[in-house]
Amino acid sequence: MTVLVAYNDSPQGEAALRRAHAEATRRETTLEVLVLTPQTPEATTPAALAHVLDTLGADPSITYRSSDEEPSDAILDASEDDHVDLVVIGSRKRSAVSKFLLGSTTTRVLLDAAAPVLVVKGSA
């Protein structure tokens, strides 16, 4: 089984990655990182991600969203794999007006993911 985390270079992305790593460790399962920022096929691991992984001592499998795919579609596609038993995503702080609504990516993943979803609040 696998914990899948949707990562981008933001406080929310880092918070989600740290929580996903903790969940994967607690569950004694593997961690898969889906990088939401499109990368070229020959790209190396983004520096911010490499730094957090080094800090955590984690060695997950890493996949990248293609530039023509919406973030929510990439997360949902990855969550449909039979081996994914938890999806972890970050959510940013919302204004007073928008507190009643989650972001469209978060809402879509919560409603449509094949696996349970854990939403982690970022620090900023």
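For every residue, the table says whether it meets (1) buried (at least 20 other Cβ atoms within 10 Å of the Cβ); (2) aliphatic (A, V, I, L, M); (3) in contact with a Cys (Cβ under 8 Å, 6 or more places away or on another chain).
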{"residue": "Thr2", "(1), (2), (3)": "yes, no, no"}
{"residue": "Ala6", "(1), (2), (3)": "yes, yes, no"}
{"residue": "Arg19", "(1), (2), (3)": "no, no, no"}
{"residue": "Glu23", "(1), (2), (3)": "no, no, no"}
{"residue": "Thr29", "(1), (2), (3)": "no, no, no"}
{"residue": "Ala48", "(1), (2), (3)": "no, yes, no"}
{"residue": "Gly57", "(1), (2), (3)": "no, no, no"}
{"residue": "His83", "(1), (2), (3)": "no, no, no"}
{"residue": "Leu86", "(1), (2), (3)": "yes, yes, no"}
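Taken over segment 25-62, the criterion of being under 18 Å from Ala74 (Cα atoms), in contact with a Ser or Thr (Cβ under 8 Å, 6 or more places away or on another chain) and either modelled with pLDDT of 85 or more or of a type in the set (Ser, Thr, Tyr) (or both) is satisfied by Leu31, Glu32, Val33, Leu34, Val35, Ser61. Selection of segment 1-50 for residues being of a type outside the set (S, T, N, Q), touching a residue at least 40 places away in the same chain (Cβ under 8 Å), under 23 Å from Asp81 (Cα atoms) and assigned to a loop (DSSP other than H, G, I, E, B) yields only Met1. The set of residues from segment 102-118 being farther than 15 Å from Leu76 by Cβ and at pLDDT 90 or above comprises just one member, Leu118. The one condition from (1) touching a helix residue (DSSP H, G or I) at 6+ places or on another chain (Cβ under 9 Å); (2) not in a helix (DSSP H, G or I) that Leu53 does not meet is (2).
The values are calculated or read from the model by the stated rules, or taken from the named source; none is laboratory data. Quantities reported herein were computed from a predicted structural model and do not represent experimental measurements. Counting neighbours? That spans all protein chains shown, and the Cβs are built from the backbone with ideal geometry, glycine included.
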